[in-house]
1. If a residue has to be under 30 Å from GLN353 (Cα atoms) and either modelled with pLDDT under 85 or under 33 Å from the mean Cα position of the chain (by Cα) (or both) to count, how many in the stretch 262-280 make the cut?
2. Can you tell me which residue within the stretch 603-622, out of those that are of a type in the set (Asp, Glu) and in a strand (DSSP E or B), is farthest from LEU530 (Cα to Cα)?
3. Of ILE718, ILE703, which residue is part of a strand (DSSP E or B) and closer than 15 Å to PRO636 by Cα?
4. Please work out which residue is nearest to GLY615 (Cα to Cα), limiting yourself to the stretch 533-579 and to residues that are touching an Asp or Glu at 6+ places or on another chain (Cβ under 8 Å), of a type in the set (Lys, Arg) and surrounded by fewer than 16 Cβ atoms within 10 Å (Cβ to Cβ).
5. Name the residues in the stretch 676-686 that are under 26 Å from LEU324 (Cβ atoms) and open to solvent by 30 Å² or more (accessible area, probe 1.4 Å), would you?
6. With respect to GLN249, determine if the residue is in contact (Cβ under 8 Å) with a residue 24 or more places away in the chain, more than 20 Å from ALA176 (Cα to Cα), surrounded by fewer than 19 Cβ atoms within 10 Å (Cβ to Cβ) and not hydrophobic (A, V, I, L, M, F, W, C).
7. Would you pick out the residues in the stretch 452-468 that are of a type outside the set (S, T, N, Q), in a strand (DSSP E or B) and more than 15 Å from GLN420 (Cα to Cα)?
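The values are calculated or read from the model by the stated rules, or taken from the named source; none is laboratory data. Because the structure is predicted, anything quoted here is derived from the model rather than measured. With ideal geometry, Cβ positions are generated from the backbone for all residues, glycine too; neighbour counts draw on all protein chains shown. Note: areas computed on protein heavy atoms with side chains; ligands, DNA, RNA excluded. Shrake-Rupley method; radii C 1.70, N 1.55, O 1.52, S 1.80 Å.
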Amino acid sequence: MVDPSGERFFIAGPVLRQPVPHPPHCHDPQRIELTPNKVIAPVGCEVVMLAGVCGSDGYLLARQPVEWMLAPGGVGEFITVGRRSSLDWLVGFNSEEPHKVDNTYATGTTSSSYLCLNRGTPTPSDDLPVDKGQAWVAITSPVEGVSYLTAYAPSVKGWDSNTQTATIHWIDATFAYPPAATNPGGSRHSFTTTVTRHSTHAPVAGWRVRYEITGGPRAGFAPDGAPLIEVPTNDLGQAIAEIYQLDMQPGTNTVSIEVIRPDLVTGERFTVGRGATQKTWTAPDISLRVSGPGQGIVGDTLNYRIEVRNPGDFTAKGIVVTDLLPDGVSLISSAPQPGSTGGKLQWSLGDLQGGDTRTIDLQLRVDRPGTINHCANVTSAERLSAEHCVATTVLAPSLRISMSAPPQANVGEDVTFQTQITNGGSSALTGLVIVDRYDAGLQHASDTPKTKGTIERDLGSLAPGQTQTVAVTFRVVDAGQQCNSVEIHGSAGILGSTKACVTAVEPGAAATGEQPQLTVTKIGDKQAVLGSQAKFRIVVTNTGKVAATNLNVVDHFDPELEPKRASKGSEYDGANMTWKVPQLAPGKSIQFNVVCECQQLADNTCNRVTVTCDGDVRESAQACLAIVAASAGLQPSIAEQGNPVAVGKQTTYRVSVVNNGTTPQSQVAVSVTVPDQTTPVAGSFQGPSAGQSSGNTITFAPIPTLAAGQALNFSIGIRAVKAGSGSARVDVTSMQQPAPVSAESTTTVIP
């Protein structure tokens, strides 16, 4: 998006309208114009830069060469450079084709016609216009730093007119702003803004956060009561500012917040985030304070205290304290014990005399990284109220695990599985335990009737960056695919897991004369919207008694479908997607996934697969769907992050709701029903509104307004509980579209 001054171009969200062509003109004749000249962008995103060559008449010139250069010493690299339009070929324009010479140098030409870069997505919300007479290039960077981009126009005379340079500042950060708070007049309250790395969740120290009181009763920040204060983030990434009233009276202060990244080299500062919060002051006869740790580790049990005080001279009656636990936080213990109403913790403390204080001590478990704002509020029969929050930064232990094993072994041979465990975090991991769980076709020297199938050993501690290799040897005692799964346990529970398998065959099995038998099934979406993606799954099972060798899996697509992604190991020749599998053991299955883009409307279009192997075995299957036009109103979609999923494991559904109409939709309600083979994971529901589960259905609170062309995104965590296949469904309604619109996705749970 471009700010009103035209100075910055920040790729942080969708373009809010479809670009409209306009006459290509420029400000200064006979020079090159590069826009924007300063960019602040998150790492990993794509920034598009435009350069136009201005003619003597003040208009941009088409088919002019432009050279793009990234200065040495900076970060970033070119992704792609603007291609020549079809009109250039028709008129015989024969200069060098635009191309990327290397990651820091590219050549291009200004366009001969208006272009609209659609960014590879089916919706126009992120389209970018390129005028006639403009060239473009796309740049990215996976790390923080500065890119210095120079555009050079050889056709422009004059050294001071034929080049222009822009800077791109890449930022790796996310911000958690403080929630609104309610406190008694005359008390003090601390606002905490937390800055962490988006990629690692690690805290960021040394950045600046600017707080400014922009409305409400007279108030200021400690220590001197100024209405504006700038605070550095500490080692936990937290910038804390204390607000208090200058004149004690009820009311609400509005506080604007800016996150500023300092540049220690040049001294230049950049505002990279803006937010706001509110502070409400009530009558000074009841107060509440929540205290707790500033930092924790995923899986830790953290201690919090809620203090309720009556600073007035009269008794406050009917005191009730309410605590709505943040997502990912669960109650371990409380003194006194709370009641529970609608997912909230509540304590009825009775009457509180003037000057008295009551305390509530909590032990809470945190199960995911990030910044949690733990808030509680208190009310009385006199309608007095107060609220307070404390921010805790929760860090995730970073453990990387990998395992290797031979791909094949004969029954009666020994095989060795090697596991590598690396501590990729910034703190030591202690009390680690490795647990192997292996199939019945593997035998270990330590096996007893009680312990067969499981080996448990102490690993001790791993320092930051340290790697430890653990090997275990088994005797192969049965044919088929035999697997060993490893889990690493710590004080916070299971920190990571991995799995490796070996295909066991009977010596001389191929000489028995028996032929393998294959069963092929294919499932996929039954309907998809034009321009969207359809998912297909191929399952190949060896139902015979001997191993199938040299499998050739060939997937063919009707013209309406174009494959975009496929399982690892695929080869695409423009017509067929092919996988080659050396061997498939008896009784075992192998799966392949394909994602296709729906390019034309069709009542019935198919994806067909044929599987062959040694012994002249040939089996085939197909899956078909209808491709329909996009709805003019709300259009939902649902997709799983991992499919298939094993029993006991977790995966995530990603849900999107797009307003394809031309007018806003109000009171947009979204509900998701997950398959019977799964169960929702409490605390894992994320979206623009709160979600609550009832059985296998998760319902999100209605969204007040969804503008035309905009989208809502939700995520729901599930755990697989039994094997089989089932459909997940999303239903969406609004005041303008009361009849539910649905979308489905098939999920397979494997043993």
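1. Step one: filter the stretch 262-280 for residues under 30 Å from GLN353 (Cα atoms), giving 278-280.
This time we only want the ones that are either modelled with pLDDT under 85 or under 33 Å from the mean Cα position of the chain (by Cα) (or both), so: 278-279.
Summing the residues that are under 30 Å from GLN353 (Cα atoms) and either modelled with pLDDT under 85 or under 33 Å from the mean Cα position of the chain (by Cα) (or both) in the stretch 262-280 gives 2.
2. Just the residues of the stretch 603-622 that are of a type in the set (Asp, Glu), to begin with: 603, 614, 616, 619.
Still in the list and also in a strand (DSSP E or B): 603, 619.
On the way: ASP603: 12, GLU619: 31 Å.
Among them, the one singled out is GLU619.
3. Details: ILE718 fails: closer than 15 Å to PRO636 by Cα.
Only one candidate qualifies: ILE703.
4. LYS545
5. Here is the first cut: in the stretch 676-686, the ones under 26 Å from LEU324 (Cβ atoms) are 679-686.
Within the stretch 676-686, THR679, ALA682, GLN686 qualify.
6. Numbers: in contact (Cβ under 8 Å) with a residue 24 or more places away in the chain: yes; more than 20 Å from ALA176 (Cα to Cα): yes; surrounded by fewer than 19 Cβ atoms within 10 Å (Cβ to Cβ): yes; not hydrophobic (A, V, I, L, M, F, W, C): yes.
It is true that GLN249 is in contact (Cβ under 8 Å) with a residue 24 or more places away in the chain, more than 20 Å from ALA176 (Cα to Cα), surrounded by fewer than 19 Cβ atoms within 10 Å (Cβ to Cβ) and not hydrophobic (A, V, I, L, M, F, W, C).
7. First, pick out the residues of the stretch 452-468 that are of a type outside the set (S, T, N, Q): 452-453, 455-460, 462-465.
After this cut, where a residue has to be in a strand (DSSP E or B) as well, the list is 455-460, 462.
Matches in the stretch 452-468: ILE455, GLU456.
To keep it simple, each residue is scored yes or no on (1) part of a strand (DSSP E or B); (2) acidic (Asp, Glu); (3) touching a helix residue (DSSP H, G or I) at 6+ places or on another chain (Cβ under 6 Å).
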residue	(1), (2), (3)
ALA41	yes, no, no
CYS45	no, no, no
ASP57	no, yes, no
ARG63	no, no, no
VAL66	yes, no, no
MET69	yes, no, no
GLY74	no, no, no
THR80	yes, no, no
ARG83	no, no, no
